[in-house]
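Visitor: Pasting in a structure now, in structure tokens, and then I'll have a few things to ask.
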Amino acid sequence: MRSVQLAAAAPRTSSPGRRRLYLTMSLLGALLASYVAVLSTSASAADTLISQGRPATASSIENAGTPAASAVDGNLTGTRWSSAASDPQWIQVDLGGTATISQVVLRWEAAYATAFQVQTSASATGPWTNIYSTTTGTGGVQTLNVTGSGRYIRVNGTARATVYGYSLWEFQVYGTVAGTPGGCDTVNAALNRPATASSVQAPFTAAAAVDGSTGTRWSSLAADPQWLQVDLGTSKAICQVGLNWEAAYASAFQIQVSETGTGGWTTIYSTTTSSGGVQTIPVTGTGRFLRVNGTARGTQWGYSLWELVVNTGTGTPPSSPAPPSSPPPNSPSPSPSTQPGTDVLLSYNKPGVASTSQDDGACWQCLPLRAFDLDPASRWATSPTGGWVDPGWIYVDLGATAQIHKVVLQWDPAYATAYQIQTSADANTWTTIYSTTTSTGFKQTITGLTGTGRYVRMYGTARSSTYGYSLWEFQVYGTGGAPTAPPAQPADPAFPANNLIWSDEFNGAAGSKPDPAKWTIDPGTGQNGEIQYYTNNENASMNGTGALVIEARKQTLGGRDYTSHRMNTGTKFTTQYGRVEARIQVPKGNGLWPAFWMMGADFLTGRPWPYNGEIDIMEVLGRNTLEGYSTLHAPAYNGGNGYGQKYTAPGGADLSAGFHVWAVEWNSQGMRFLLDGTQVFYASKATVESTRGPWVYDHPFYVILNLAVGGDFPGPVDATTPFPSRMLVDYVRVYK
């Protein structure tokens, strides 16, 4: 954590303002690989991914949210298996038949194995044969070319790199399975081919769905039908199609082929019960052109695809999971409201009642009202007094009789695996309008409901863990009731944003100090094991040629042996949405840690980190200035579990050799992080809510610049670290 000690009229208080990413180097490296790798990377053109969607088991799991199945679900960035914190631990996959294995790809989370074996067996209980072994594993993404056979394959960890357990984002096995059809090429035939669409929501073009990047997407207008098609160049036998949907997915669509692209379309796959996400669909068809034809939207928005992957050949990959025949029980297929255009949020700031609630050091004021306040960083939780028990429930009084059409639940990790949504006229007699026994937590949007009542209740009957029930948000939509209008949010900016609303160009005379009308100087010590003392403006000044110099020195002050500088726009300037950018040259040297980041402004009024939210636009470690990091921190994902990306500079540039522009383009749908105009990470609000937890960034933030020395993330300084070391800032600009 970086300490954010605010210099202001009131006495300064130290607070853990910033938890860093020292556990996420492997995690962030893994994020560089996209979903496309699942379908288009293997040992050879003849071998296929044979582990995805297959049954997986493990020696242990950390909690219900990190099961073995999450390591073979094709989601490279959002779901993972994690074990108990002991040695040994293992995860194994049933390949469905005797397999000849040529390659294994391990995408480790930060909690990786330094020593492990890859093993095969004809039986789930052994004996096991080693086909790979190491005692010097370094985590990250490991691609292992192996030779082995067996129906079962496992990773057997024998020494951990951290105090935590073992954790894999994805365990991918390539090869062939005896007795199954083959010949499906794993090369993406659609990659960078000409693509067109029925419509485009600028700037999300059709080409963005076939560019090999899950950070770019095609998006259509909000109408039915809409289609996206790709020209494969020549007529091809198509055996598999991969779809990576954005949150605006198709609930009904067809995959079609044609020789001309202008007609004669043949449907080779059709569904009316799609639930979006990542879909790997075996098909059989031939054509030069392939299109995805959406006929019913899963949301009120258009259709949107991060990526379309087409595999060609004569056979169907044996590992491809069957296309979904029905949506998960906790996510029924969206359907239009029974009152189109009239549904509103009925539950905002309405009174809540619960079976119990928690209010202690572990969950302060986790009262019923917190689930209805539209604050994604506050929550309701059942009380541990007397032990967490079933059932557990919470209901809202809508103030008058209402017709209920939609309920949105944003679960904490302590979620209900089985629950009912119920309505009542008097809070005594309840009618169930929705029920599930297979809930998987995170964000659940339950649409197509038909219910009437003044009161709406979530009635939990089975918990996901030994803890109780906990909801960040419980939202009820429909007509009637006595709704209170929530506060209006600012409009989303249009990008590219070009209305400059705040800047500092640092054009002062040599030796002059940062403008006190724009910046609050933030002296004191840092967190995360940092060894510097931030001085009261002694370590920052203009160089006279248009840049601010933030200097780290080997100097004893404030009980520390090094000094540096940190400053923020604090009470001077905050912004919600827009483009925030800075042109910076970072220093090189072991233990140096420059950063350009933002904190939620409610931190200034007492909300503790990480509940206020943190946006790290740029962090670079001086020990490796070929890489940068952009990361988000929130209550449900922070520190070592922050949601972010490690990346290299365009062209492999050394970030310390010159100035580079880091920016975030931020609106109510997500954040696009850029380095020198190239997108390096996209954080989708919908994806975060459905895979990590609440999105806490729809409120004002302020800007921070600092240069830290030492700490858990960058590591120690040594004899090679140059002092003084300088971080140069050409400008900071904010656009709407």
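Visitor: Filter the stretch 370-396 down to the residues that are under 29 Å from the mean Cα position of the chain (by Cα) and polar (S, T, N, Q), then identify the one that is surrounded by the fewest Cβ atoms within 10 Å (Cβ to Cβ).
Guide: Looking at the filtered set, the residue picked out is Ser378.
Visitor: Scan Pro324, Pro340 and give me the residue that is farther than 24 Å from Trp265 by Cβ and at pLDDT below 50.
Guide: Every option except Pro340 fails the conditions.
Visitor: Within the stretch 357-371, track down each residue that is without any contact (Cβ under 8 Å) to a residue 40 or more places away in the chain and in a loop (DSSP other than H, G, I, E, B).
Guide: Ser357, Asp359, Asp360, Gly361, Ala362, Trp364, Gln365, Leu367
Visitor: Further question on the same structure: Could you list, in sequence order, all residues of the stretch 601-629 that are of a type in the set (Gly, Ala, Ser) and either without any contact (Cβ under 8 Å) to a residue 12 or more places away in the chain or assigned to a loop (DSSP other than H, G, I, E, B) (or both)? Write out each step before concluding.
Guide: Within the stretch 601-629, the subset of a type in the set (Gly, Ala, Ser) is 601, 606, 613, 622, 628.
Those that are of a type in the set (Gly, Ala, Ser) and either without any contact (Cβ under 8 Å) to a residue 12 or more places away in the chain or assigned to a loop (DSSP other than H, G, I, E, B) (or both): Gly606, Gly613, Gly622.
Visitor: Follow-up. Tell me which residues, restricted to the stretch 616-642, are farther than 21 Å from Ile531 by Cβ and in contact with a His (Cβ under 8 Å, 6 or more places away or on another chain).
Guide: So the first thing to find is which residues in the stretch 616-642 are farther than 21 Å from Ile531 by Cβ, and the list is 617-618, 626-628, 630-638, 641-642.
Within the stretch 616-642, just Gly642 meets the criteria.
Visitor: Let me ask something else about it. Go through Gly544, Gly526, Gly451, Gly481 for me and flag whichever is touching a residue at least 40 places away in the same chain (Cβ under 8 Å), on the phi > 0 side of the Ramachandran plot and not charged (D, E, K, R). First the steps, then the outcome.
Guide: Working: Gly544 fails: touching a residue at least 40 places away in the same chain (Cβ under 8 Å); Gly526 fails: on the phi > 0 side of the Ramachandran plot; Gly451 fails: on the phi > 0 side of the Ramachandran plot.
Going through Gly544, Gly526, Gly451, Gly481 in turn, the sole match is Gly481.
Visitor: A follow-up question, please. Just to check your reading of the model, which residue among Trp364, Trp380 is touching a Leu at 6+ places or on another chain (Cβ under 6 Å) and under 20 Å from Asp602 (Cβ atoms)?
Guide: Trp380
Residues checked against (1) assigned to a loop (DSSP other than H, G, I, E, B); (2) of a type outside the set (Lys, Arg); (3) at negative phi:
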residue: Ala223; (1), (2), (3): yes, yes, yes
residue: Leu228; (1), (2), (3): no, yes, yes
residue: Gly233; (1), (2), (3): no, yes, no
residue: Val241; (1), (2), (3): no, yes, yes
residue: Ile268; (1), (2), (3): no, yes, yes
residue: Thr273; (1), (2), (3): yes, yes, yes
residue: Pro282; (1), (2), (3): no, yes, yes
residue: Val309; (1), (2), (3): no, yes, yes
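Visitor: Scan the stretch 648-668 for residues that are in contact with a strand residue (DSSP E or B) (Cβ under 7 Å, 6 or more places away or on another chain) and in contact (Cβ under 8 Å) with a residue 40 or more places away in the chain and jot them down.
Guide: Asp654, Leu655, Ser656, Gly658, Phe659, His660, Val661, Trp662, Ala663, Val664, Glu665, Trp666
Visitor: Exactly one of (1) surrounded by fewer than 18 Cβ atoms within 10 Å (Cβ to Cβ); (2) at pLDDT 90 or above is unmet by Trp81. Its number?
Guide: Trp81 satisfies all of (1) surrounded by fewer than 18 Cβ atoms within 10 Å (Cβ to Cβ); (2) at pLDDT 90 or above except (1).
Visitor: Step by step: first the residues of the stretch 363-389, then only those that are hydrophobic (A, V, I, L, M, F, W, C) and more than 26 Å from Pro483 (Cα to Cα), then the one that is modelled with the lowest pLDDT. Which residue is that? Full working, then the answer.
Guide: To start, the set of residues in the stretch 363-389 that are hydrophobic (A, V, I, L, M, F, W, C) comprises 363-364, 366-367, 369, 371-372, 374, 377, 380-381, 388-389.
When the remaining residues are screened for being more than 26 Å from Pro483 (Cα to Cα), the result is 363-364, 388-389.
Numbers: Cys363: 92, Trp364: 88, Trp388: 94, Val389: 94.
In this case the residue turns out to be Trp364.
Visitor: Tell me whether the stretch 717-730 contains one or more residues that are under 30 Å from Ala208 (Cβ atoms) and either among the acidic types (Asp, Glu) or part of a strand (DSSP E or B) (or both).
Guide: Just the residues of the stretch 717-730 that are under 30 Å from Ala208 (Cβ atoms), to begin with: none.
No, because not a single residue in the stretch 717-730 is under 30 Å from Ala208 (Cβ atoms) and either among the acidic types (Asp, Glu) or part of a strand (DSSP E or B) (or both).
Visitor: Which residues, taken from the stretch 649-668, are surrounded by fewer than 16 Cβ atoms within 10 Å (Cβ to Cβ) and in a loop (DSSP other than H, G, I, E, B)? It would help to see each step written out before you state the result.
Guide: Of the residues in the stretch 649-668, the ones surrounded by fewer than 16 Cβ atoms within 10 Å (Cβ to Cβ) are 650-654, 657-658, 668.
Hits for the stretch 649-668 are Ala653, Asp654, Ala657, Gly658, Ser668.
Visitor: Test Phe713 against the stated conditions and say whether it is in the same structural domain as Thr545 (by TED's automatic domain parsing), assigned to a loop (DSSP other than H, G, I, E, B), more than 28 Å from Phe442 (Cβ to Cβ) and among the aromatic types (Phe, Trp, Tyr).
Guide: no
Visitor: The conditions are (1) under 17 Å from Ala58 (Cβ atoms); (2) at pLDDT below 90, and Gly140 fails exactly one of them. Which is it?
Guide: (1)
Visitor: Condition first: surrounded by fewer than 12 Cβ atoms within 10 Å (Cβ to Cβ), touching a residue at least 60 places away in the same chain (Cβ under 8 Å) and farther than 23 Å from Phe573 by Cα. Now tell me which residues in the stretch 484-523 satisfy that.
Guide: The one that is surrounded by fewer than 12 Cβ atoms within 10 Å (Cβ to Cβ), touching a residue at least 60 places away in the same chain (Cβ under 8 Å) and farther than 23 Å from Phe573 by Cα: Ala485.
Visitor: Among the candidates Tyr629, Tyr637, single out the residue that is of a type outside the set (Val, Ile, Thr), farther than 29 Å from Thr563 by Cβ, surrounded by 19 or more Cβ atoms within 10 Å (Cβ to Cβ) and outside the structural domain of Thr214 (by TED's automatic domain parsing).
Guide: Tyr637
Visitor: Considering each residue of the stretch 418-444, count those that are of a type in the set (S, T, N, Q), closer than 13 Å to Val456 by Cα and crowded, with 19+ Cβ neighbours inside 10 Å, and give that number.
Guide: Qualifying residue count for the region: 3.
Visitor: Same structure again: Can you find a residue that is within 25 Å of Ser82 (Cβ to Cβ), crowded, with 20+ Cβ neighbours inside 10 Å and at pLDDT 90 or above anywhere in the stretch 174-192?
Guide: To start, the set of residues in the stretch 174-192 that are within 25 Å of Ser82 (Cβ to Cβ) comprises 174.
Right, trim to crowded, with 20+ Cβ neighbours inside 10 Å and you get 174.
If we keep only those that are at pLDDT 90 or above too, we end up with none.
No, the stretch 174-192 contains no residue that is within 25 Å of Ser82 (Cβ to Cβ), crowded, with 20+ Cβ neighbours inside 10 Å and at pLDDT 90 or above.
Visitor: Please enumerate the residues belonging to the stretch 688-725 that are modelled with pLDDT of 95 or more, within 28 Å of Arg560 (Cβ to Cβ) and buried (at least 20 other Cβ atoms within 10 Å of the Cβ).
Guide: Those that are modelled with pLDDT of 95 or more, within 28 Å of Arg560 (Cβ to Cβ) and buried (at least 20 other Cβ atoms within 10 Å of the Cβ): Tyr702, Val703, Ile704, Leu705, Asn706, Leu707, Ala708, Val709, Gly710, Val717, Thr721, Ser725.
Visitor: Could you grab me the full set of residues in the stretch 244-263 that are farther than 12 Å from Asp231 by Cβ and more than 18 Å from the chain's Cα centre (by Cα)? Outline the logic, then answer.
Guide: So in the stretch 244-263, the residues farther than 12 Å from Asp231 by Cβ come out as 244-256, 263.
Residues satisfying the conditions are Ala250, Ser251, Ala252, Phe253, Gln254, Ile255, Gln256, Gly263.
Visitor: Can you confirm whether Ala462 is surrounded by fewer than 20 Cβ atoms within 10 Å (Cβ to Cβ), among the small types (Gly, Ala, Ser) and in a loop (DSSP other than H, G, I, E, B)?
Guide: No.
Visitor: Would you check if Thr479 is assigned to a strand (DSSP E or B) and surrounded by fewer than 21 Cβ atoms within 10 Å (Cβ to Cβ)?
Guide: It is true that Thr479 is assigned to a strand (DSSP E or B) and surrounded by fewer than 21 Cβ atoms within 10 Å (Cβ to Cβ).
Visitor: Here is a list of conditions, (1) out of contact with any helix residue (DSSP H, G or I) (no Cβ under 8 Å at 6 or more places or on another chain); (2) among the aliphatic types (A, V, I, L, M); (3) modelled with pLDDT of 90 or more, and Ala58 meets all of them except one; can you say which number that is?
Guide: (1)
The values are calculated or read from the model by the stated rules, or taken from the named source; none is laboratory data. Since the structure is predicted, the reported quantities are computational estimates derived from the model, not experimental observations. Because the Cβ atoms are built from the backbone with ideal geometry, glycine has one as well, and the counts that use them run over all protein chains shown.
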